[in-house]
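Working notes, structure below.
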Amino acid sequence: MKKIYFAALLLFCLATPAAQAFEVFACEPEWGSLVHELAGDAVQVNVGTSALQDVHVIEAKPSLIAKVRRADLVVCSGADLEIGWLPQLIRQAGNPKVASGPGYFLASDQITTLEKPTSLDRSEGDIHPQGNPHFQLDPYRVLAIAKALDARLAQLDPAHAADYTKRLEDFSARWQASIKGWEAKAAPLKGRKVVVHHLSWIYLLNWLGIEQIGALEPKPGVPPTSGHLASLVELTKNAHALAILRAAYQDPKPGDWLAEQTGVPAVTLPFTVGGDDKSKDLFGLFDSTIDKLLAVAK
Ligand SMILES: [Zn+2]
């Protein structure tokens, strides 16, 4: 009798599909990596973009829509960074869990952004009324986002709330120790000057005390004029700039051109997780970024 009971139970278990794993859709690799730090293998993370893509302009492909449709939580930078594609993904996915409310997590809502425009003049380029959305290279903002994201995971997946708390404590301890190490290591960079390709480095530069003196693309999304480039050559030369910074996904030509004109090295930084071999996670991303800046500071 007992045997039959167990056989029936076994059949019942086999016939009932296993509970679906909690799924997260992350717009950018840095947030995918952060979810992994906070949730480990308890959740499945699908990352919508890679370090070699320009996240300002992503195509709302069916494969991405399918991932948003399955998601229990969407995690994105926000501050209008994904305005050209995320609303479309959400609309087409038709998944009410992530369309609004707790399942829709924007990192920008958890922090203050820099460079909020005082006027919304379109002649200023593709400006973001909510401020500069490229804040993933400020480790303090990353930590604030981690805390809010952890609370959100615990809220949506209460069965694992204790695990999330424990993993956040562990991540915070390792992250804060790393910040101290990065700050000590990057001390020689303080006061140095850089030219940037796109306006995507201000959080990193402010953190490390580096001064941004100019940009190849002075207005986001607007190609530079020849007059602007000529004045940039003079500026870069006269300032004895440390480097011309660009992200892994950006066209190297403008930076290489300026480097040729000025003798100041163009440096490709990973910008996010996966942007180079060393940037396998958030820790590697910061390690690599600082090492690459120090390499040209010598
Ligand atoms: Zn941008």
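The values are calculated or read from the model by the stated rules, or taken from the named source; none is laboratory data. Worth saying up front: this structure is predicted, and the values here are computed from it rather than measured. Note: ideal-geometry Cβ built from the backbone for every residue, glycine included; neighbour counts use all protein chains shown. Quick note on the areas: whole protein, heavy atoms, side chains included, nothing else; ligands and nucleic acids left out. Shrake-Rupley method; radii C 1.70, N 1.55, O 1.52, S 1.80 Å.
Highest GNM mean-square fluctuation, the chain, Cα pairs closer than 10 Å: which of D281, D109, D80?
D109
At 0.36 nm per residue, minus the direct Cα-Cα distance, what do A297 and A66 gain on full extension? Give it in nm, one decimal, please.
Fully extending the segment from A297 to A66 adds 78.6 nm.
When the convex hull of the C-alpha atoms of the stretch 183-258 is computed, what volume per residue in Å³ does it have?
In the stretch 183-258, the Cα convex hull volume per residue is 91 Å³.
Sticking with the crude label model, points 7 Å out along Cα→Cβ, report the distance from V57 to A42 in nm, one decimal please.
The two pseudo-label positions are separated by 4.1 nm.
How high is the FRET efficiency from A21 to Q155, r the C-beta distance, R0 22 Å, rounded to 0.05?
Approximately 0.80, to the nearest 0.05.
What spacing in nm lies between the two simple spin-label points modelled at L114 and K180, each 7 Å away from Cα in the Cβ direction?
With each label point 7 Å from Cα toward Cβ, the separation is 2.5 nm.
Using helices alone, what [θ] at 222 nm do you get for the chain, with -39,500 (n - 2.57) per DSSP H run of 4 or more residues, divided over all residues and rounded to the nearest 500?
It comes out at -14000 deg cm²/dmol, rounded to the nearest 500.
Treating the chain as a set of equal point scatterers at the Cα positions, no solvent, please give the Debye-formula log₁₀ I(q)/I(0) at q = 0.09, 0.10, 0.12, 0.13 Å⁻¹.
Each listed q maps to, in turn, -0.50, -0.60, -0.82, -0.94.
Protein chains only, probe 1.4 Å: how do R70, R174 rank by accessible area, largest first?
The residues order as R70, R174, largest area first.
Sequence neighbours fewer than 8 away in the same chain don't count; with that in mind, list the lysines whose C-alpha is under 20 Å from K67.
K97
So how many Å³ per residue does the convex hull of the Cα atoms of the stretch 22-172 work out to?
Looking at the stretch 22-172, the number lands at 111 Å³ per residue.
Calculate how steeply helix 226-238 sits against the longest principal axis of the alpha-carbon atoms of the chain, using the helix alpha-carbon long axis, and give the answer as 0 to 90 degrees to the nearest 10.
Between the helix axis and the principal axis of the chain, the angle is about 80 degrees.
List the lysines whose Cα lies under 20 Å from the Cα of K278, skipping any in the same chain that are fewer than 8 positions away.
Correct list for K278: K180, K185, K292.
What part of the accessible area of the chain, given as a whole %, is carbon or sulfur when the probe is 1.4 angstrom?
Carbon plus sulfur share of accessible area: 57 percent.
How do 194-206, 232-244 rank on mean C-beta neighbours within 10 Å, highest first?
194-206, 232-244
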